[in-house]
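Novice: This is the structure, below, for whatever I ask next.
The values are calculated or read from the model by the stated rules, or taken from the named source; none is laboratory data. Every value quoted in this text rests on a predicted model; they were computed, and no experiment measured them. Cβ: placed from backbone, ideal geometry, glycine included. Neighbour counts: every protein chain shown.
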Amino acid sequence: GIQVEQSPPDLILQEGANSTLRCNFSDSVNNLQWFHQNPWGQLINLFYIPSGTKQNGRLSATTVATERYSLLYISSSQTTDSGVYFCAVLYSGNTPLVFGKGTRLSVIA
Amino acid sequence: DTEVTQTPKHLVMGMTNKKSLKCEQHMGHRAMYWYKQKAKKPPELMFVYSYEKLSINESVPSRFSPECPNSSLLNLHLHALQPEDSALYLCASSPNSDGSFYGYTFGSGTRLTVV
């Protein structure tokens, strides 16, 4: 079946530290998105990245589609980065977006 | 307008009540979705509408009834819910049902409590 695996499940960082979150998927994908869910529940789209590398400020993401993984990099972390980071993929055949279990990030001052 | 708007933000309802959740987008997207999220879990798909027609129902109980009156609007009608239905209900849209080009855009959700 469809599998999306994220690691690590939990991460605690000191403010200013860098981190890498990983997403492994089990088949070729039409779409891969990284989301940040804030404490109020809103899912904020960080990157739409089925392949390649993108950067937005302190965040960047890389998807290596041929090796079936994606990485989210957070540099110089801030307390506002806390929350849950979800990787979600859309496989071929019009299957809807499927979420991994997420990485829960806590950034402490 | 690049948003998906959900109302209400919070809802408390009794098990005998009937209520509706509303979702609206004006991005010209032709696919809309309802997801349900329990605490400390990822969102799980409930329904997919593509070009205003229901295309996927993930075996959701009939006490949840979706409706897509037009291409901009998606409703979720609730009736005779159980306390275990308490959750965050998220609406999303995408340009088409294969989620290509820009992916999915999510609303801020309705936090539902059934008492």
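Novice: Looking only at residues in the range A:12-44 that are at pLDDT below 95 and in contact with a Leu (Cβ under 6 Å, 6 or more places away or on another chain), which one is nearest to A:Tyr85 (Cα to Cα)?
Specialist: A:Gly41
Novice: Which one of B:Ser62, B:Ser20 is assigned to a loop (DSSP other than H, G, I, E, B) and away from chain A (no Cβ under 14 Å)?
Specialist: Numbers: B:Ser20 fails: assigned to a loop (DSSP other than H, G, I, E, B).
Step by step, each of B:Ser62, B:Ser20 is checked, and only B:Ser62 is assigned to a loop (DSSP other than H, G, I, E, B) and away from chain A (no Cβ under 14 Å).
Novice: Let me spell it out: the conditions are (1) assigned to a strand (DSSP E or B); (2) in contact with a Phe, Trp or Tyr (Cβ under 7 Å, 6 or more places away or on another chain), and B:Gly103 meets all of them except one. Which number is the exception?
Specialist: Unmet condition: (1).
Novice: Please determine, by comparing only the residues of the range A:35-56 that are at the interface with chain B (Cβ under 10 Å from one of its Cβ atoms) and assigned to a strand (DSSP E or B), which one is surrounded by the most Cβ atoms within 10 Å (Cβ to Cβ). Give the derivation first.
Specialist: Going residue by residue through the range A:35-56, those that are at the interface with chain B (Cβ under 10 Å from one of its Cβ atoms) are A:35, A:37-38, A:40-45, A:47-50.
Next, only the ones that are assigned to a strand (DSSP E or B) stay: A:35, A:37, A:43-45, A:47-48.
Numbers: A:Phe35: 24, A:Gln37: 22, A:Leu43: 28, A:Ile44: 13, A:Asn45: 16, A:Phe47: 21, A:Tyr48: 17.
Result: A:Leu43.
Novice: Right, next: Can you tell which of B:Gly107, B:Gly103 is more than 15 Å from B:Met13 (Cβ to Cβ), within 14 Å of chain A (Cβ to nearest Cβ), modelled with pLDDT of 95 or more and crowded, with 16+ Cβ neighbours inside 10 Å?
Specialist: The unique qualifying residue is B:Gly107.
Novice: Something else about it: Hey, any hits in the range A:84-103 for a residue that's assigned to a loop (DSSP other than H, G, I, E, B), within 14 Å of chain B (Cβ to nearest Cβ) and charged (D, E, K, R)? Quick ask: steps written out before the conclusion?
Specialist: From the range A:84-103, those assigned to a loop (DSSP other than H, G, I, E, B) are A:92-97, A:100-102; that's our starting set.
From what is left, the residues that are within 14 Å of chain B (Cβ to nearest Cβ) are A:92-97, A:100-102.
Next, only the ones that are charged (D, E, K, R) stay: A:101.
Yes: one or more hits.
Novice: Next question. Tell me the residue from B:Ala39, B:Ala80 that is among the small types (Gly, Ala, Ser) and at positive phi, please. Let's see the steps before the verdict.
Specialist: On the way: B:Ala39 fails: at positive phi.
Only one candidate qualifies: B:Ala80.
Novice: Between a first residue in the range B:61-79 that is closer than 13 Å to B:Ala31 by Cα and a second residue that is of a type in the set (A, V, I, L, M) and in a strand (DSSP E or B), which pairs have beta carbons less than 7 Å apart while being 6 or more apart in sequence or on different chains?
Specialist: B:Cys68/B:Met32; B:Cys68/B:Leu74; B:Leu74/B:Met32
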